[in-house]
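Encoded as structure tokens, the structure appears first; notes follow it.
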């Protein structure tokens, strides 16, 4: 079960603090056997539509983009490629995630990436008052307004699921 906790500071929460962005931290016990967003929603007792996955994609031009969809949705790679204006995108191999982003699987956040990559977030996000995203490490989620997230990371809202 999850809990609200402002004492578990992460780089993401420090960045949000410095940007004066309002948020709530949620901590939970990590199940290393199941890092899925759906399992996280069940663990926290939260609607999967409020939990957003951060997925890093490599473009046909060998650059990177970040795509975010809710736990219950799947990314449409063709829609992301179209939104970004490239021929194609593919998921970044898990073995490259840490080197490219500075984060590990289950702890990847669009905030505090090693480099600023374009961020695309599914348009369903506009239906939510708040959403949860990774706070940059396993076991910690940050809940914030989608509008604050979009503004903070300069995300493009698009139909990508």
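The values are calculated or read from the model by the stated rules, or taken from the named source; none is laboratory data. Computed from a prediction, not measured in an experiment: that's the story for all the values here. In this analysis, Cβ positions are derived from the backbone assuming ideal geometry, glycine residues included, and neighbour counts consider all displayed protein chains.
Inspect all residues belonging to the stretch 47-57 and state whether any of them is farther than 27 Å from residue 9 by Cα and assigned to a strand (DSSP E or B). Full working, then the answer.
From the stretch 47-57, those farther than 27 Å from residue 9 by Cα are 57; that's our starting set.
From what's left, assigned to a strand (DSSP E or B): 57.
Yes - at least one qualifying residue is present in the stretch 47-57.
Residue check: is residue 66 assigned to a helix (DSSP H, G or I) and touching a strand residue (DSSP E or B) at 6+ places or on another chain (Cβ under 6 Å)? Show your work before the answer.
Numbers: assigned to a helix (DSSP H, G or I): no; touching a strand residue (DSSP E or B) at 6+ places or on another chain (Cβ under 6 Å): yes.
Judged against the criteria, residue 66 is not a match.
In the list 35, 92, which residue meets the criterion of being crowded, with 16+ Cβ neighbours inside 10 Å, under 20 Å from residue 137 (Cβ atoms) and either in contact with a strand residue (DSSP E or B) (Cβ under 6 Å, 6 or more places away or on another chain) or modelled with pLDDT under 95 (or both)?
Working: 35 fails: crowded, with 16+ Cβ neighbours inside 10 Å.
Exactly one of 35, 92 is crowded, with 16+ Cβ neighbours inside 10 Å, under 20 Å from residue 137 (Cβ atoms) and either in contact with a strand residue (DSSP E or B) (Cβ under 6 Å, 6 or more places away or on another chain) or modelled with pLDDT under 95 (or both), namely 92.
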### Message
Being under 19 Å from residue 133 (Cα atoms), touching a residue at least 40 places away in the same chain (Cβ under 8 Å) and crowded, with 17+ Cβ neighbours inside 10 Å is the requirement here; does residue 22 meet it?
### Response
no
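Which ones in the stretch 98-115 are buried (at least 16 other Cβ atoms within 10 Å of the Cβ), within 24 Å of residue 146 (Cα to Cα) and touching a residue at least 24 places away in the same chain (Cβ under 8 Å)?
So in the stretch 98-115, the residues buried (at least 16 other Cβ atoms within 10 Å of the Cβ) come out as 100-103, 106-113.
Keeping just the survivors that are within 24 Å of residue 146 (Cα to Cα) gives 101-103, 106-113.
101, 103, 106, 107, 108, 109, 110, 111, 112, 113 - these are the residues of the stretch 98-115 that are buried (at least 16 other Cβ atoms within 10 Å of the Cβ), within 24 Å of residue 146 (Cα to Cα) and touching a residue at least 24 places away in the same chain (Cβ under 8 Å).
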### Summary
All conditions in (1) in a helix (DSSP H, G or I); (2) at pLDDT below 95 are true of residue 104 except (1)
### Query
Considering 83, 99, which residue is modelled with pLDDT of 95 or more and either in contact with a strand residue (DSSP E or B) (Cβ under 6 Å, 6 or more places away or on another chain) or in a loop (DSSP other than H, G, I, E, B) (or both)?
83
### Task
Taking only the stretch 64-73 into account, find how many residues are within 17 Å of residue 108 (Cβ to Cβ) and surrounded by fewer than 20 Cβ atoms within 10 Å (Cβ to Cβ).
2
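Restricting attention to the stretch 114-142, which residues are more than 21 Å from residue 78 (Cα to Cα) and either in a helix (DSSP H, G or I) or within 11 Å of the chain's Cα centre (by Cα) (or both)?
Pass one, the stretch 114-142, residues more than 21 Å from residue 78 (Cα to Cα): 114-116, 126-142.
Residues satisfying the conditions are 126, 127, 131, 132, 133, 134, 135, 136, 141, 142.
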